[in-house]
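Heads up: the structure comes next, in structure tokens.
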Amino acid sequence: MDAIRSRNSEHLNVITSIRSKTEDHLHHIASIRSEIREIDPSQAHNDVELLAQIGYKQELRRHYSTLQVFGIAYSIMGLLPSISSTIATGLESGPAGLVWGWFVASIFILSTGTSMSFLGSAIPTSGGLYYYTNYYAPHWIRVPLSFLIGCSNTLGLIGGLCSISYGFAVEVLSAVFIQTDGDFEITNAKCYGLFAACIISNVIISCLTTKYAAHWQTISIIVNTFLIILFMIAVPAGKKHDFNSASYIFTNFENARTTYSTAWSFFMGFMPAIWTIGAFDSAIHCSEEAKNAQRAIPVGIVGSISACWILGWLICIVCAACIKDGDTARVLSSETGNPMAQIIYDALGKKWAVAFMAMIAVGQYMMSVSILIALSRQIWSFARDNGLPIVYNFIKVINPKIQVPVRATIFAGCLSLVLGLLVLINGTAGANALFSLAVACNLLAWGTPVFLVLLPLGRKRFVSGPFYFGKIISRIINCVTSCWVVFVIVLAMFPDSRDVDKDSMNYTVVINCGMWILSLIYFYVWGYRTYTGPVSNLDDEYSEGSIQHLDEVLKEKA
């Protein structure tokens, strides 16, 4: 008995020792954090001074006008190509599910974008979301939490690039299928081959034309708007069958997800709008290249969401009105692999369907270039703060000739090619995981700093920029955004059916949760050695020359 007690005592001592060492390790990590800078946007005279106040020197060329900041978000949303890629998800809850799902979801997306605009107008920096998390979070958690958000936002934008590029591949293959009258087999290997070609060419174009990236956004605005106008005129005018009734369009809820209730199927029909009207944080990631960033960011975010809300709703109505004979199931099971291609084919015939799908693919391709530009800025800014694991010193180098993050662009392309292997491995299920991955990861990154601003410390630290609706209205909007984010993250992780197998499994749960857990494990095991939160890269010469006036103002205020 004494021997047993002795062994138990030794065992307890070992556990106590491990617990003590763990607590000491966590306490040590919590004590390693960078300085929080006092930021007051009203005290900065221009973009460069405000960026210096945030803690960074101006390394990128500011060439984005307010219209072009709007353009990068609007281009990434790419209404007609995006709806073409995701319309099947909306139609599974019926034409009314597609139409009203878009309208209702857009209200909450606008709330989210407004909350993001409050933050971007106050602290316009390319790091954006992980910087805000570090700035507004309680001290004991701010560094690991901002690291998690930096990783999540990066992976979310990569998921966005992958899903856009996959949509491009499907649209091209659908055009080929129609052109050959069905004498063409669409396989996972062909999808991945086109996907990879899209990514690689995106990287080349982005590296060669990043000096002219702002002009690219202007062209993209024109192309996407032209596609929308052409679709809404040509498809209804040229259709060879009768329009569906108003009751079919606005009241006919169906449920192709028979294992779920009609109500839950309707909620899952939110996904086309959620995925399409996304990546609006791209305006924040390009803020260090924007002129008058404090005002350009809100215009870019709120303006692009509002435009896509209304125009996208009209596109959904046109699609529902032009479904041949009101046969939703036939469109969903189309051999073209794309319901939008079938709708256009039924309305306009073979030649127009091929032409439209080709034009939609061009719009989709332009989307992928735009999101790669935003993604490269997020990766570069995270590497600048030593947050990107392992390769941060290599990635944070700016090309001195054209002042753009070329290495970050190439790195983003390589990661996307690896993640896109899900399409080759598991076809539709892998593609759905890429779509949901972009939604869940980005929503966590968007929602976390918004929620933190609602907490006592965040409210105390928050100093608004020129875009703000006052304390009461702004807090209500932030509360709505926080609730919406939680709901959609859960929604994005549900499979299409309760009867889950390897083909219907939603791998977002595995990928997202696994990435979030691994990010925190990496941080506590090794990452804390290099990442201590956003760090200033201002050198003495820059500080003395460019922000002398700012230092004087802050001293007076103190």
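The values are calculated or read from the model by the stated rules, or taken from the named source; none is laboratory data. Model, not experiment: these values are computed from the prediction. Cβ: placed from backbone, ideal geometry, glycine included. Neighbour counts: every protein chain shown. Side chains are part of the model used for accessible areas, which takes the heavy atoms of the whole protein and leaves out ligands, DNA and RNA. Shrake-Rupley method; radii C 1.70, N 1.55, O 1.52, S 1.80 Å.
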Rounded to the nearest 10, the angle in degrees between the Cα long axis of helix 471-492 and the longest principal axis of the Cα atoms of the chain comes to 60 degrees
Result for segment 152-233: accessible area per residue, probe 1.4 angstrom, in square angstrom, of 38 Å²
Sparse-neighbourhood loop hits (trypsin sites (Lys or Arg not before Pro), segment 334-416; DSSP loop; Cβ within 10 Å at most 14 others) -> LYS401
Listed by chain and number, the residues whose amide H is under 5 Å from that of VAL404, excluding neighbours fewer than 5 places away on the same chain and using placed H, are ASN399
Rounded to the nearest 10, the angle in degrees between the Cα long axis of helix 406-419 and the longest principal axis of the Cα atoms of the chain comes to 60 degrees
In the chain the accessible area split gives carbon plus sulfur, as whole percent at 1.4 Å, a share of 64 percent
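Report, in cubic angstrom per residue, the convex hull volume of the C-alpha atoms of segment 41-86.
Output value, Cα hull per residue: 125 Å³.
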Checked segment 472-524 against the a/c 1.5 cut and the a/b vs b/c comparison, axes a ≥ b ≥ c from its Cα gyration tensor; verdict oblate
Note to self: C-alpha centroids of segment 439-504 and segment 242-278 sit apart, in Å, by 23 Å
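Note the direction-averaged projected area, equal to a quarter of the hull surface, for the Cα convex hull of segment 366-508, in nm².
About 12.2 nm², averaged over all directions.
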Within segment 223-326, DSSP-loop trypsin sites (Lys or Arg not before Pro) with at most 11 other C-beta atoms within 10 Å are LYS240
Charge dipole of the chain built from unit charges on the beta carbon (Lys, Arg +1; Asp, Glu -1), centred at mean Cα; most positive-end Cα among ALA440, ALA341, LEU194 is ALA440
For ARG33, the accessible surface traced by a 1.4 Å probe with all protein chains present amounts, in square angstrom to the nearest 10, to 100 Å²
Between the Cα axis of helix 142-179 and the main Cα principal axis of the chain, the angle (0 to 90°, nearest 10) is 20 degrees
Relative contact order of the chain (C-alpha contacts under 8 Å, at least 6 apart) in percent is 32 percent
Taking a probe of 1.4 Å and leaving out DNA, RNA and ligands, segment 382-518 shows per residue an accessible area in Å² of 46 Å²
Taking every C-alpha to C-alpha distance in segment 172-275 and binning by 10 Å from 0, the per-bin percentages run 10, 18, 34, 29, 9, 0
Exposed GluC sites (Glu not before Pro) being those in a DSSP loop with at most 13 other Cβ atoms within 10 Å, the longest stretch of the chain free of them is 336-558
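Just from its helices, what would the mean residue ellipticity at 222 nm be for the chain, if runs of 4 or more DSSP H residues each count -39500 (n - 2.57) and the sum is divided by every residue, rounded to the nearest 500 deg cm²/dmol?
Computed ellipticity for the chain at 222 nm equals -24000 deg cm²/dmol.
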Close lysine pairs (segment 57-535; alpha-carbon distance under 24 Å; 8 or more apart or on separate chains) counted at 21
One checks the Cα atoms of segment 57-535 and finds Rg and Dmax, in Å, of 21.3, 66
